[in-house]
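Colleague: Take this structure first; my questions come after.
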Amino acid sequence: MTPVIETYCHLRNNRIFRDGKLLFESPDTNLKDFLKSAYKFLNPGYAKFYKMDELSKLGFLAAEVLSPAFDKELRPEETGVILSNTHSTWVTDLRHQQTISDAENFFPSPAIFVYTLPNIMTGEISIRHRFRGENAFFIFEKFNPELITDYINRLIMSKKIKACLGGYVDRSTDGYDVFVYYLRSGKNSTQKPKHTAAGMWKLYEII
């Protein structure tokens, strides 16, 4: 049985959409201010958020938007986090490079360096929501629902997990693009989209 998407969200152009409907819109024109406004709106009460880099903040906020649908009856190891993007941690890498490129002004920051791996974002989400299932982060040339859906569906079919947070969280010097969804196995609903590559493309492009 193909898993179904319980809920999904987009973060684009200073707006947050859940299941295709506008949830939050900020007048802020830069990402830093948008992230602060979105955090205050969602009010998760998680002070560590302010220490994260922008990529992790984007993924964290997407997970918060979807969290009401998370199945709390599942064991921690039954929920996975499988995410992807195109630019890895490029923006954070640039900031780290700026702190070490000048020998006379050498001031590397551990607070920046720790976020120069994209799987730190999946770790932040897993810690927040106590997910201990399969955890992976893939880097593709562009959004690749074919591989992601196949990978997650195989985990479901092999009974390694029963639910998963999947999708695409990208941050580049040109902007950001977030599409994240939560799926659950064992559901047989004709009202909700199936977890297929074609279905994910359709949801990704709906906004």
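Throughout, read-outs are computed from the coordinates displayed, never taken from laboratory work. For clarity, every value in this text was computed on a predicted model and none was experimentally measured.
Colleague: For a distance above 13 Å, tell me the whole-number percent of Cα pairs in region 1-47 that qualify.
Modeller: In whole percent, the share of Cα-Cα pairs in region 1-47 beyond 13 Å is 60.
Colleague: Let me ask you something else. Please enumerate, by chain and number, the lysines with C-alpha under 18 Å from the C-alpha of Lys162, excluding those fewer than 8 residues away in the same chain.
Modeller: Lys72, Lys187, Lys192, Lys194
Colleague: Still on this model: Would you mind checking which residues have amide H under 5 Å from Arg12's amide H? H placed 1.01 Å from N; only 5 or more apart, or other chain.
Modeller: Phe17
Colleague: Pop out the ³J(HN,Hα) list for region 29-37 in order, Karplus 6.51 cos²θ - 1.76 cosθ + 1.60 with θ = phi - 60°, rounded to Hz; leave Gly and Pro as x.
Modeller: For region 29-37, the Karplus curve yields 9, 10, 5, 4, 6, 4, 4, 5, 5 Hz.
Colleague: Going by alpha carbons, how many degrees (0 to 90, nearest 10) lie between the helix axis of 145-157 and the longest principal axis of the chain?
Modeller: In the chain, helix 145-157 runs at an angle near 60 degrees to the longest axis.
Colleague: For a quick check, take a GNM of the chain with Cα springs below 10 Å and name the residue from Met121, Met157, Met52 with the largest mean-square fluctuation.
Modeller: Of the options given, Met157 has the highest mean-square fluctuation.
Colleague: Still on this model: Treating the angle as unsigned and between 0 and 90°, give the value, to the nearest 10°, between the Cα long axis of helix 90-100 and the longest Cα principal axis of the chain.
Modeller: Taking Cα atoms only, the helix is inclined about 20 degrees.
Colleague: Relative contact order for the chain: what percent, with Cα pairs under 8 Å and sequence separation of 6 or more? Let's see the in-between values first.
Modeller: Details: 368 pairs, mean separation 67.9, N = 207.
Answer for the chain is 33 percent.
Colleague: Rounded to the nearest 500, what is the 222 nm mean residue ellipticity of the chain from helices alone, with -39500 (n - 2.57) per DSSP H run of 4+ residues and division by all residues?
Modeller: Values: 7 runs with 72 residues, N = 207.
Theoretical 222 nm ellipticity from helices: -10500 deg cm²/dmol.
Colleague: What lysines does Lys32 reach when the alpha-carbon gap must be under 26 Å and sequence neighbours fewer than 8 apart in one chain are set aside?
Modeller: Lys21, Lys40, Lys48, Lys51, Lys57, Lys142
Colleague: Along the three principal axes, how long is the chain when you take its alpha carbons, biggest first, rounded to the nearest angstrom?
Modeller: Here the spans come out as 62, 36, 33 Å, largest first.
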